[in-house]
Every structure is written in C-alpha cells, then in structure tokens.
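In what follows, a structure is listed as structure tokens, so that the remarks can point back to it.
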Amino acid sequence: MTALLKVRNLKVGFRQDGQRVAAVKGVSFDVERGETVALVGESGSGKSVTALSTVSLLGGSAEVEGSVTYDGREMVHADDKTLRQIRGNDISFIFQEPMTSLNPIMTIGAQIGEALQIHRRLPAASRRAEIKRLLGLVGLPSEDAQLDRYPFQLSGGQRQRVMIAIALACEPALLIADEPTTALDVTIQAQILDLIAEMRQRFGMACVMVTHDLGVVAETCDRAIVMYAGRVAEEGPVDELFGAPIHRYTEALVGTIPAANPPGARLPAIPGAVPPPGDRPAGCAFAGRCEHALDVCASRPPPEVRRGAHVGYCWNPAS
Ligand code: ADP
Ligand code: MG
C-alpha cells in the first residue's frame, strides 16, 4: 500500500527583491497511515514552509517544485477545488497561535459548526449536538452558553482546544500540527499533546508534528525527520535517531535534551545560528557550526549514511 502522504524532492523558493531565496531545497519523506512523524529542527530550518506547502497553503510569492501526493492525489499546483476538498476533509492543519486562525468576531460554536457544515454537510438541526460532543471531546465545557463564547473570552490553551475541535470536526486522516504548543505554558502544553495523542489513537489519524522541541518528539512521535537549512539532515525511528544519531547536527540537538545532561547542568545550546537561505555553503550547511567538520564538509554535499532503519547525510558521522 502506498504511503498516505508522499513528499518528493520538494523545493520552495521565495521571490524577494528580484532574487530567488531557496527556503526548502529538495525534501523527501513519507507519512504512513496512522503514523506520527516529527519535522524537527531549529527555527529557520524550513519546517513550516515544508508543512504549509504539503497542503498548498503558502502565499503567492512562493515558488514550489517537486511532488506532494495525498493518497495518490497530487497537491502541488492542484486546482482550488481539489485542494479545498483535501484540506478539511482529509487533512487538517493546526497552527502555533490559535488566535490568528480563529475568527475573532464569530462565536466558537459558530466556527465549529461552520466546519461541520462545509466538510461533513451536517444539517443545522444535528449540528448543535455535534458541536457539544466535539467540545466535550477536547475537554472544554459544552453547556449551551459555552457555544456563544468568543475567542477573546478563552485562554490560550482553550483556544488551541477549539482549533483542535475544528480540525477534528472534519474527521481527518492526517493532522498537520505546526508548533501547536509553543505558545502555551508547560502544563497546558502537556495537556494539548495528550489530547492530540488520544485523538490519534481513537481515530487512527496520522500526524505530522512540526516542532523545535526534541522532548515533544521523544514523547509523541514514531519517526522523525531532522531538518537543517532547508534539507533533511537525518531521518529515522525516534529511538534509533536519539540513541545513535548519524548526523552531527542531530547529535548536537540530542545533546540539548535535559535528560542527556546531569540534573542542574546548564542546557547546552548549539553555538551559532541556522545560516539564512542566501548564505549557505555548497556542501553541508551545518559545517560552519560543527565541531567535527572536515575540509570537505563545506564544499561538497554530504553522502548518504545508512544505519539500521535510519539514514543521515554526513561526511564525518557520529556513530
Ligand atoms: P521554521 O518553521 O523551521 O522555523 P520556516 O519554514 O518558517 O522555518 O522558514 C524557513 C526559511 O524560509 C527562513 O529563512 C524564512 O525566513 C524563509 N521564509 C519563510 N517564509 C517566507 C516568506 N513568505 N517569504 C520569504 N522568506 C520566507
Ligand atoms: Mg515554523
């Protein structure tokens, strides 16, 4: 059976001041039915651009090449009708800041109801009961009066729960969550991650979890794709990837997880920053920050290194 989501050699550039800035430079990965896959990497590595282009949600200045198929249907340059049908019916998307995706002048009941009407064609008479069921499912109070609340009357965690209720209203086979808990405080973060995990189990939903937080990856994901400067640095089952990283970037990231350090130790951060799209070497983009870099690293693209079920691209691999 073919993968639910297949991304092949995805390239995304932005036109800026007459120049083309390459944000994503040939990314490929699969997501199988029911599987949770992390897209992980520091800020600026191209995670959001990759996630957004899988559902053609990037704005007009983006130039997208390559192929993204959902259940065999091509999404790149698909017509609006096809995209509308897939988004919402098959794939739901939740973002970091729910306030930007919720309508501030519409009650939460009306917003969940709209999703039910558009994507499930639920008649008005049965919609109210379903809205209340969904609110209950995501752990929000579901009495009649609650449906009439506006987003500004809710906390950040409650708003993210409303976003999840809207995403679930469509009963998607795939949920793409872009940093869904980054804007929330730690206890609420854990609750929202638990909620997503519960929904996955209950509905057999696949999930792409976009995050810069390896703790989130370890707790919630089966497989991870480590991105750096618009490319895949390493990909594999989470336990293998954390236990025996190949790429020096993954190794450095794993070194930043609290559990890998003695209690009370200062969290190591990787020195330096992801180079901007216009300033990347021909070889490995991590070379400038890598303690183990060889002469060849910056000048030539790194080779593929396979270990067990995982693969990395590194001239001087860690294990
Ligand atoms: P991440 O989600 O991993 O933090 P992004 O995918 O948001 O990173 O961004 C990757 C790169 O693409 C960044 O260098 C960012 O500045 C650039 N970028 C993202 N969106 C746009 C845009 N609309 N126009 C121009 N450049 C963009
Ligand atoms: Mg992002």
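I'd like the accessible area for M209: 1.4 Å probe, protein heavy atoms, all chains in place, Å² to the nearest 10.
It works out to around 0 Å².
Tell me, which longest segment in the chain has none of the GluC sites (Glu not before Pro) that fall in DSSP loops with at most 10 further Cβ atoms within 10 Å? Kindly include the intermediate steps, with their values, before the conclusion.
Details: sites that count: E143, E291.
Between the exposed loop sites, the longest stretch runs 144-290.
Mind putting a number on the dipole of the chain about its Cα centre? Charges go on the C-beta only, +1 for Lys and Arg and -1 for Asp and Glu, and I need it in Debye to the nearest 20.
Details: 32 positive and 36 negative charges, 104 e Å.
For the chain, the charge dipole is close to 500 debye.
Just to verify a number: FRET efficiency for F203 and A273, C-beta to C-beta distance, R0 = 45 Å, to 0.05?
Working: r = 39 Å, r/R0 = 0.86.
The computed FRET efficiency comes out at 0.70.
Determine the gain in length on full extension of the stretch V21-S67; use 0.36 nm per residue of separation and subtract their C-alpha separation, reporting nm with one decimal. If you can, show how the numbers build up before the last one.
Details: separation 46, 0.36 × 46 = 16.56 nm, distance 1.95 nm.
Contour length minus Cα-Cα distance gives 14.6 nm.
Using only the Cα atoms, work out Rg/Rh for the range 221-319, with Rh taken as the Kirkwood radius, to two decimals. Before the final figure, lay out the partial values.
Details: Rg = 13.4 Å, Rh = 13.9 Å.
Here the Rg-to-Rh quotient is 0.96.
Kindly provide the chymotrypsin sites (Phe, Trp or Tyr not before Pro) of the range 28-112 that DSSP labels as loop, not H, G, I, E or B, and whose Cβ sees at most 16 other Cβ atoms within 10 Å.
Numbers: sites: F29, Y70, F93, F95; in loops: F95.
For chymotrypsin sites (Phe, Trp or Tyr not before Pro) across the range 28-112 that sit outside H, G, I, E and B with at most 16 neighbouring Cβ atoms in 10 Å, the list is empty.
For the range 65-110, evaluate the Debye formula with one uniform point scatterer on each Cα (no solvent term) and list log10 I(q)/I(0) at q = 0.14, 0.24, 0.30 Å⁻¹, rounded to two decimals.
The Debye formula, applied to the Cα set alone, gives -0.50, -0.92, -1.08.
Got a sec? What order do D17, D71 fall in by accessible area at 1.4 Å, biggest, i.e. largest, first? Mind dumping the intermediate values first?
On the way: D17 155, D71 75 Å².
The ordering from most to least exposed comes out as D17, D71.
V296 to S319: extension gain in nm, 0.36 nm per residue of separation minus the Cα-Cα distance? Show your work: numbers first, answer last.
On the way: separation 23, 0.36 × 23 = 8.28 nm, distance 1.88 nm.
Here the answer is 6.4 nm.
Sorting T187, T220, T182 by accessible area (1.4 Å probe), largest first, what list results? Write down the numbers at each step before the final one.
On the way: T187 95, T220 15, T182 55 Å².
Largest to smallest exposure gives the sequence T187, T182, T220.
Starting from the 7 Å offset along Cα-to-Cβ, what nm value, one decimal, do you get for the label separation of Q85 and T256?
The modelled label-to-label distance comes out at 4.2 nm.
Among A115, V217, W315, flag the residue with its Cα farthest along the positive direction of the charge dipole of the chain, charges on Cβ as +1 for Lys/Arg and -1 for Asp/Glu.
Result: A115.
Lys/Arg Cβ at +1, Asp/Glu Cβ at -1, dipole of the chain taken about the Cα centre: which of T82, A190, F95 is farthest positive-ward?
T82
Test of understanding: what is the full-extension gain from R306 to E74, defined as 0.36 nm times their sequence separation minus their Cα-Cα distance? Before the final figure, lay out the partial values.
Details: separation 232, 0.36 × 232 = 83.52 nm, distance 2.91 nm.
The span from R306 to E74 would gain 80.6 nm if fully extended.
For the range 75-136, what are Rg and Dmax over the alpha carbons, in angstrom?
Every Cα atom of the range 75-136 included, Rg and Dmax give 13.3, 38 Å.
Counting pairwise Cα distances across the chain, what percent come out greater than 34 angstrom?
26 percent
Convert 37 °C to kelvin, take the viscosity as 0.692 mPa s, use the Kirkwood radius over C-alpha pairs of the range 269-312 as Rh, and evaluate the Stokes-Einstein diffusion coefficient in µm²/s, rounded to a whole number. Mind dumping the intermediate values first?
Working: Rh = 11.7 Å.
For the chosen part, D equals 281 µm²/s.
For the range 18-88, count the residues as N, evaluate 2.2 N^0.38 Å, and divide the Cα radius of gyration by that value, please.
Values: Rg = 12.9 Å, N = 71, 2.2 N^0.38 = 11.1 Å.
Normalised by 2.2 N^0.38 Å, the Cα Rg of the range 18-88 equals 1.16.
The values are calculated or read from the model by the stated rules, or taken from the named source; none is laboratory data. Fair warning: this is a prediction, and the values are worked out from it, not measured in the lab. Because the Cβ atoms are built from the backbone with ideal geometry, glycine has one as well, and the counts that use them run over all protein chains shown. Side chains included, ligands, DNA and RNA excluded: accessible areas come from the protein's heavy atoms. Shrake-Rupley method; radii C 1.70, N 1.55, O 1.52, S 1.80 Å.
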